[in-house]
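Structure record follows, encoded as structure tokens.
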Amino acid sequence: MKSKSTSNVWLDEDDAEELTGKELDHPEGRWLQDGQPIETRKGQAAFRARLRKKQVNMLIDPDILDYFRQKAGQRGYQTLINRTLRESMERESLLDAVRKVVREELHHTD
């Protein structure tokens, strides 16, 4: 069984190499799986599934969007929004864990 190279694996779209066209396995740009052509629809679905992120449509206040665009510069504002949401989620989890420990300690001291 072949080992897949991980040199081109990325978790953040800002870390992805720019596509030049050489990434396509076929001159007409057909989708290939194990070297065999597959339907465009199946190839696109497989590609999206490998991105590890889900596309969503959201309504965001203009001032919030402007803030993240300005903070990120030319590109990467979506990544910055994602990172901010993740940090908020992790901070909430950490707060819950601290509260639990404090409650347990208070219970043991009674």
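Overview of results
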{"quantity": "Gain upon complete extension [ARG86, ALA49; 0.36 nm per residue less C-alpha separation]", "calculated": "11.3 nm"}
{"quantity": "Other-chain or far-sequence residues with amide H under 5 Å of ILE38's (modelled H)", "calculated": "TRP31, LEU32, GLN33"}
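None of the figures in this text is laboratory data; all of them are computed from the coordinates on show. Keep in mind that what you see is a predicted model, and the values were worked out from it rather than measured.
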